[in-house]
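What follows is one structure encoded as structure tokens, with my remarks underneath.
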Amino acid sequence: PVVVGPLVPHVFAAGRSARAAQSGFTAAAAWPSAPRPCHADELLAERALGGDQRARRQLTDRVSDALKVRASARDTVTAFLECNSLEATARALFVHPNTVRYRLGKFEEDSGFDITGARDAFAVRLGMMSPR
């Protein structure tokens, strides 16, 4: 696997990018179908599970910040992760399925995670479980 670290503002921060790339390279085995090359941020969940504290913090911050943006986000995301179905989530929340689609779309805009997919749902669940 080829893993690319994040862009950094100057050469003094190159170590941060290199550490993220190395952590991603180590964690890439957990995602056999990862794109080549793969950005280290695409492997946040795997890196967090591998013990990378910076990745765990970044994942937790990304998820919790997105959940704070909209009042209904936490309830909708939590219900969807439990029900794993738009219709079941809509019934649980007493809203129309299109409302659930809209809210999940807004959560995706805010966080970058599409929780209708298994990998992103796993990452969001992990980000919600980690203490801030």
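Values as computed for the structure displayed
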read-out: Near pairs, Cβ below 8 angstrom, 6+ apart or cross-chain, from segment 99-116 (closer than 19 Å to Ala88 by Cα and modelled with pLDDT of 95 or more) to any residue that is acidic (Asp, Glu) and open to solvent by 70 Å² or more (accessible area, probe 1.4 Å); value: Asp114/Glu108; Ile115/Glu108
read-out: The lone exception for Arg91 - which of (1) touching a residue at least 12 places away in the same chain (Cβ under 8 Å); (2) surrounded by fewer than 16 Cβ atoms within 10 Å (Cβ to Cβ); (3) of a type in the set (Lys, Arg) it fails; value: (1)
read-out: Residue match in segment 60-75 (condition: open to solvent by 80 Å² or more (accessible area, probe 1.4 Å), β-branched (Val, Ile, Thr) and under 30 Å from Ala90 (Cβ atoms)); value: yes
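The values are calculated or read from the model by the stated rules, or taken from the named source; none is laboratory data. Please read all numbers here as calculations on a predicted model, not as lab measurements. A quick note on method: Cβ atoms are made from the backbone with ideal geometry, for glycine too, and the neighbour counts reach across all protein chains shown. SASA here: full protein model, heavy atoms, side chains in, ligands and nucleic acids out. Shrake-Rupley method; radii C 1.70, N 1.55, O 1.52, S 1.80 Å.
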